[in-house]
Amino acid sequence: MFKIKRGKTKVQQLQVTVSTEIAAGSLVAWDSGELIAATATSKPYDIAGVLVKAITSDDDDYADARLVGVEVPMEPYTEWEAPVTSGLVAADKGLYQDITDAVTVNRAASTLDVVQCIKVISTTKGIFHLNIGIFGMGVIAD
């Protein structure tokens, strides 16, 4: 799960795909004009931000077309804490990495470069800049 640690963000109300469960703290990406949970193949510029509140099949409006709160960075160097597949080390600082799924950084992959590691908390947790949305137009697989 991605959690804001430092920097300016705002919550935007964006259209989500109906009947789709997504955990709070997940990166969400545009797909056919609606949001889905980001995947390992989501392009950085398609990722809108971080889902504020979980979407579950128990929600009254689960099957309805609706807007959901998405926390989006307002500056490129906003810092986010996130779990990592494993093996995060000091040498990873400054490197761009991919995601395994909507809530986990894949420190062993760097094809789409969704995040940039800026601090190692442990081998399985770090602080990252998100290379997404309008900020995700620059670095991809350098």
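What follows is calculated from the coordinates using simple rules that are stated; it is not laboratory data. For clarity, every value in this text was computed on a predicted model and none was experimentally measured. Ideal geometry is used to build each Cβ from the backbone, glycine not excepted, and the neighbour counts take in all protein chains shown.
7 Å from Cα along Cα→Cβ at both Thr111 and Asp59: what's the point-to-point distance in nm?
It works out to 2.9 nm between the two label points.
When the distances between all Cα atoms of segment 81-135 are binned every 10 Å from zero, what whole-number percent does each bin get?
For segment 81-135, the binned pair fractions read 29, 63, 8 percent.
Would you calculate the volume per residue, in Å³, of the smallest convex hull containing every Cα atom of segment 3-73?
Taking the convex hull of the Cα positions in segment 3-73, it is 87 Å³ per residue.
Expected output is a single nm value to one decimal: the length gained when fully extending between Ala40 and Ile121, i.e. 0.36 nm times separation in residues minus the C-alpha distance. What is it?
Full-extension gain reported as 26.9 nm.
Using all C-alpha to C-alpha distances in the chain, build P(r) with 5 Å bins and read off the rounded percent in each one.
Per 5 Å bin, starting at zero, the Cα-Cα P(r) for the chain comes out as 2, 11, 22, 24, 20, 12, 6, 3, 1, 0 percent.
Note down the relative contact order for segment 79-137 as a percent, whole number, built from C-alpha pairs under 8 angstrom at least six residues apart. Display every interim value, and only then the final one.
Numbers: 139 pairs, mean separation 22.7, N = 59.
Once divided by the residue count of segment 79-137, the mean separation gives 38 percent.
Using Cα-Cα distances under 8 Å and only pairs 6 or more residues apart, what relative contact order does segment 1-95 have, in percent?
Contact order relative to length: 40 percent.
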